[in-house]
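Data first, discussion second: the structure below is written as structure tokens.
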Amino acid sequence: MHYLGVDGCRAGWLCVGLDAENHWAVSIYEHFDEFWHRWRGAKQILVDIPIGLRDEGDERTCDREARMKIGARRSSVFPAPCRKALAARSYEEASYV
């Protein structure tokens, strides 16, 4: 596979790959490191996960710009949590933060 897209799912990580001849395949990896060890040599890997969490402010500039760029699908760009939310002891506490 030359190009891969990967997203978190209940079973782990859902991966869709495309090879040089435009053949595609779907697979699921329980852990991201399994996916990474198998496909780290791919030409391009797109991972649906926020990178670079904000320390303060309402939202990241990249998320705001992505929503503007994709228009009608803007609701598919989910807000990334702030760093403080990662230390919360419960979902309710994280939501409050």
I'd like to check something: does the range 86-96 contain any residue that is open to solvent by 50 Å² or more (accessible area, probe 1.4 Å), modelled with pLDDT under 90 and among the acidic types (Asp, Glu)?
no
Look at ARG89 and say whether it is of a type in the set (D, E, K, R) and more than 16 Å from the chain's Cα centre (by Cα).
yes
Residues in the range 38-51: is at least one open to solvent by 90 Å² or more (accessible area, probe 1.4 Å), in contact with a strand residue (DSSP E or B) (Cβ under 9 Å, 6 or more places away or on another chain) and among the aromatic types (Phe, Trp, Tyr)?
no
Tell me, which residue of the range 15-72 that is aromatic (Phe, Trp, Tyr) and touching a Phe, Trp or Tyr at 6+ places or on another chain (Cβ under 6 Å) is nearest to ALA87 (Cα to Cα)?
PHE32
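The values are calculated or read from the model by the stated rules, or taken from the named source; none is laboratory data. Since we're looking at a predicted model, the values are computed, not measured. With ideal geometry, Cβ positions are generated from the backbone for all residues, glycine too; neighbour counts draw on all protein chains shown. Surface areas here come from the heavy atoms of the whole protein model, side chains and all, with no ligands, DNA or RNA. Shrake-Rupley method; radii C 1.70, N 1.55, O 1.52, S 1.80 Å.
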